[in-house]
Amino acid sequence: NLGTSLKDAVKKLAGKTVIDRAAVDELVRDLQRALLQSDVNVKLVMHLSQAIKQRALDEEPLKGMGVREHVLRIVYQELVRLMGTPGEVALGPQTILMAGLQGSGKTTTTAKLARYFQRKGLRVGVICADTFRPGAYEQLKTLCDRIAVPCFGDPKEADALKIVREGLPKYRKLYEVIIIDTQGRHALEENLIEEIVNINEIAHPDHRWLVIDAALGQQASEQARRFHEAIGIDGVLVTKMDGTAKGGGALSAVAETQSGIVFIGSGETIEDLERFDPDGFISRLLGMGDLKALVERAEEAVSTEDLDVNAMLKGKFTLRDMYKQLEALNKMGPLKQIMSMLPLGGMQIPDDAYDITSTKMQRYKVIMDSMTSPELDDPSMIGSSRIQRIARGAGVTPDDVRDLIKYYKIMQRALKGMRGMGGGKFNMQRMM
Ligand code: GDP
Ligand code: MG
């Protein structure tokens, strides 16, 4: 499924020793495969691939951010972009027109939405403007009865426009949120489109939401385009996400209508409706915990500590710099899962270098406090007699001091390695 293959693609990148052009190409290929398998539109996938490659090349990593993290951040941002910004849901008076083909889940979702707004304390009324499907009114009425929401309609009336003309003014006086369920038919016949255009003109709804079955594949684009041209869709509702469906089609609908997913239908009961959260969705998809929070925390940690890796690359790397690095890392929280995202560039750091506990940090701090300024700037001057003095001053063993210096040397070597790789900036252009 989409989640697993995306996760694999990202894991593969995270495990790479060097993030070069080939590594990015491979990641993009893996992403493409995963997205296409999930029925995401080919054009969208190509666009995403281009954007990721282009940005990875053109943009410079944020200060202190490594190439690996830089690339992942772009992948994440472009995926969020692909999902669109989630549609707004105002908790106030509004009229919502439901659009979509028969069987997509309009009637069910109409009732779910009624329940959603009812729970928010709003007075809700529903109008059944589906005069095509036999039993349409009864279906909606039965669902609405369960939640004590009034349902306007007439099973004997054949004119949907008449129902809206009658029901809407009446309900607008009585209720705050009004949801209009419409017919869908099986295909995009002209009279279906014509009818919804007319309902839209009569009702002047605040929202025109398109209901899309998660199982819908490449046809989603066409459907969305037709409805969008007809009435201007401003939100997408994806139904049946509880099934095996991949939901890739919904992304096409989002792109086609330039809107966003508003809600997700996740089951057959009236409560099975969730607000769409792209960040959480993608983080789950990539299997990296809360990736957004991680990226933000990394940015924050980096900026508060003002880590300037580029300056460090050009100039000298002092013990003070190293301590700043460690502090920044510590702020990022649990490191195990994000080892590959160190704000130290794409360089390789021996595994034990990650093994810095806060106790160790504390000890390092105490040791550094009993060093002189020149020693902090140039630890190479620290010989065995200085080690003895520092250890005594800090109340630690000489081995503790040696441990700190050893750690410093590992970091320094890694930085040197990086310097040899490409120069001052993480110049992807040169690397790719
Ligand atoms: P409409 O023709 O667009 O009004 O579609 P319906 O609301 O009648 O739904 C068609 C079928 O899909 C019904 O059997 C619903 O129970 C089912 N359905 C709708 N939404 C969901 C959902 O989120 N999950 C599941 N499992 N089934 C759904
Ligand atoms: Mg229906």
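The values are calculated or read from the model by the stated rules, or taken from the named source; none is laboratory data. Computed from a predicted structure; not experimentally measured. Counting neighbours? That spans all protein chains shown, and the Cβs are built from the backbone with ideal geometry, glycine included. Heads up: the accessible areas ignore ligands, DNA and RNA and are worked out on the full protein's heavy atoms, side chains in. Shrake-Rupley method; radii C 1.70, N 1.55, O 1.52, S 1.80 Å.
Between 156, 170, which is more than 16 Å from ligand 2 (Cβ to nearest atom) and more than 16 Å from residue 204 (Cβ to Cβ)? Give the derivation first.
Values: 170 fails: more than 16 Å from residue 204 (Cβ to Cβ).
The unique qualifying residue is 156.
Would you check which residues across region 84-100 are among the aliphatic types (A, V, I, L, M) and surrounded by 22 or more Cβ atoms within 10 Å (Cβ to Cβ) and list them?
Selection gives 96, 97, 98, 99.
Please give the number of the condition residue 120 fails out of (1) more than 26 Å from residue 165 (Cβ to Cβ); (2) within 12 Å of ligand 1 (Cβ to nearest atom).
Only one criterion is unmet by residue 120, namely (2).
So for region 129-140 (the condition being more than 10 Å from ligand 2 (Cβ to nearest atom), open to solvent by 70 Å² or more (accessible area, probe 1.4 Å) and modelled with pLDDT of 95 or more), does at least one residue qualify?
Yes, the conditions are met somewhere in region 129-140.
Quick check on region 140-160. Is at least one of its residues within 22 Å of residue 275 (Cβ to Cβ), of a type outside the set (A, V, I, L, M) and not in a helix (DSSP H, G or I)?
Scanning region 140-160 turns up no residue that is within 22 Å of residue 275 (Cβ to Cβ), of a type outside the set (A, V, I, L, M) and not in a helix (DSSP H, G or I).
Cβ-Cβ distance below 9 Å, separation of 6 or more or different chains: which pairs start in region 92-114 with a residue that is within 13 Å of ligand 1 (Cβ to nearest atom) and end on one that is of a type in the set (Lys, Arg) and not in a helix (DSSP H, G or I)?
98/208; 99/208; 101/185; 102/133; 102/185; 104/240; 105/240; 107/133
Look at region 176-205 and say how many of its residues are within 12 Å of ligand 1 (Cβ to nearest atom) and open to solvent by 10 Å² or more (accessible area, probe 1.4 Å).
So the count comes out to 2.
Against the definition (part of a helix (DSSP H, G or I) and modelled with pLDDT under 85), how does residue 389 come out, yes or no?
Judged against the criteria, residue 389 is not a match.
Out of all the residues in region 255-271, is one or more modelled with pLDDT of 85 or more, part of a helix (DSSP H, G or I), within 16 Å of ligand 1 (Cβ to nearest atom) and buried (at least 22 other Cβ atoms within 10 Å of the Cβ)?
no
How many residues are surrounded by fewer than 18 Cβ atoms within 10 Å (Cβ to Cβ) and either over 22 Å from residue 189 (Cα atoms) or without any contact (Cβ under 8 Å) to a residue 24 or more places away in the chain (or both) if we restrict to region 219-252?
Residues in region 219-252 being surrounded by fewer than 18 Cβ atoms within 10 Å (Cβ to Cβ) and either over 22 Å from residue 189 (Cα atoms) or without any contact (Cβ under 8 Å) to a residue 24 or more places away in the chain (or both): 4 in total.
Counting just the residues of region 101-128 that are out of contact with any strand residue (DSSP E or B) (no Cβ under 6 Å at 6 or more places or on another chain) and more than 9 Å from ligand 2 (Cβ to nearest atom), which one comes out most open to solvent (accessible area, probe 1.4 Å)?
Across region 101-128, the extreme among qualifying residues is 119.
Taking interchain pairs and intrachain pairs at least six residues apart, which have beta carbon atoms under 6 angstrom, with the first residue in region 199-218 and over 26 Å from residue 241 (Cα atoms) and the second among the β-branched types (Val, Ile, Thr) and not in a strand (DSSP E or B)?
Close Cβ pairs (under 6 Å, with a partner that is among the β-branched types (Val, Ile, Thr) and not in a strand (DSSP E or B)) amount to 199/164; 200/231; 202/164; 203/164.
In region 395-405, which residues are open to solvent by 20 Å² or more (accessible area, probe 1.4 Å), in contact with a helix residue (DSSP H, G or I) (Cβ under 8 Å, 6 or more places away or on another chain) and either over 22 Å from residue 324 (Cβ atoms) or not basic (Lys, Arg) (or both)?
395, 396, 397, 398, 400 - these are the residues of region 395-405 that are open to solvent by 20 Å² or more (accessible area, probe 1.4 Å), in contact with a helix residue (DSSP H, G or I) (Cβ under 8 Å, 6 or more places away or on another chain) and either over 22 Å from residue 324 (Cβ atoms) or not basic (Lys, Arg) (or both).
Across region 121-149, what is the total count of residues that are under 13 Å from residue 175 (Cβ atoms) and among the basic types (Lys, Arg)?
Total satisfying the criteria: 1.
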